[in-house]
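First up is the structure itself, then whatever we jot down about it.
The values are calculated or read from the model by the stated rules, or taken from the named source; none is laboratory data. Everything numeric in this text was worked out from a predicted model, so none of it was measured. Here the Cβ positions follow ideal geometry from the backbone for every residue, glycine too, while neighbour counts run over all protein chains shown. SASA here: full protein model, heavy atoms, side chains in, ligands and nucleic acids out. Shrake-Rupley method; radii C 1.70, N 1.55, O 1.52, S 1.80 Å.
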Amino acid sequence: MPELPEVEVVRQSLNKKIKRKKVKKVIIRNRNLRFKISLDFQRLLMNRKIIKVDRFSKYLILHLSGGIFCLVHLGMSGTIHIINKNKNNPATNASFYSSPFLPKKHNHVEIFFDKHRVIYNDPRRFGFFQIIKNLTLLNKRFSHLGPEPFQSKFDLKYVYSFLKKKEKNIKNFLLDQKFVSGIGNIYASEILFESKINPKKKSCDLLENELKNMVKYSKIVLRNSIKRGGS
């Protein structure tokens, strides 16, 4: 599954290409993703300008003119491909995972702009597109998730308070999106390796120095992965 760094690289790619661009056309080839794409999806996107492309955790957030949002989750196997009409570039994948080339099958959603076409490909169809109609509903949509490692809230005080009475091992908590958002199996393992913490250690038994290292390397590991993917 694409984790925070992979999704952030997709965000950067999209923001560079479609920010301040108007949606000219939308084609839905398959509405049956994890959540069925609503029948009014095309109408709600048409002729709206992309104010910016944002991200929280593993979710892409398209800020659209008129104060609405399009939430995109890539699921287990989803990829975003960006095609420039005026350039013949065979590599279209917006991120650094999976094949760089646009597959011939499973292209479920296409969004057209003046110079670019954005295509969502997903063989397993665990991703989704969801229209959120105002900021209050968007904040509510994420209210069950913990902070990202990059947020100031994810500090020693927060992790100590959250984990001090927890018996579950620390790797399981790094994978728990209610504790910290955006980390998956690969990055949890790398963070704990760099922090010199046994993944099976009970969370309540972690020493202060171990907690400090975990907070520190959560930021470093993810930031370095974003830099490698975005280069």
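Tabulated results
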read-out: Accessible surface, 1.4 Å probe, highest first, among residues CYS70, CYS204; value: CYS204, CYS70
read-out: Accessible area expressed per residue, region 158-200, with surrounding protein chains retained (probe 1.4 Å, Å²); value: 54
read-out: More than 19 Å apart - percent of Cα-Cα pairs taken over region 131-231; value: 42
read-out: Using a Förster distance of 30 Å, the FRET efficiency for PHE193-SER98 (Cβ separation, nearest 0.05); value: 0.75
read-out: Spacing of the two label points (7 Å from each Cα toward its C-beta) at LEU156 and ASP40, in nm; value: 5.1
read-out: Cα pair distances of region 15-73 binned at 5 Å [whole percent]; value: 4, 18, 26, 27, 20, 6
read-out: Extension gain from SER143 to ASN30, taking 0.36 nm per residue of separation minus the Cα-Cα distance; value: 37.8 nm
read-out: Estimated inter-spin distance, SER65 and LYS212, nm [label 7 Å along Cα→Cβ]; value: 5.2
read-out: Too-long pairs where the Cα-Cα distance tops 31 Å, listed order kept, from LYS19/LYS168; LYS36/LYS164; LYS178/LYS227; LYS115/LYS227; value: LYS19/LYS168; LYS36/LYS164
read-out: Inter-site label distance for ILE51 and LYS105 at 7 Å from Cα along Cβ, in nm; value: 4.0
read-out: MRE, 222 nm, helices only [DSSP H, n ≥ 4, -39500 (n - 2.57), over the chain, to nearest 500]; value: -9500 deg cm²/dmol
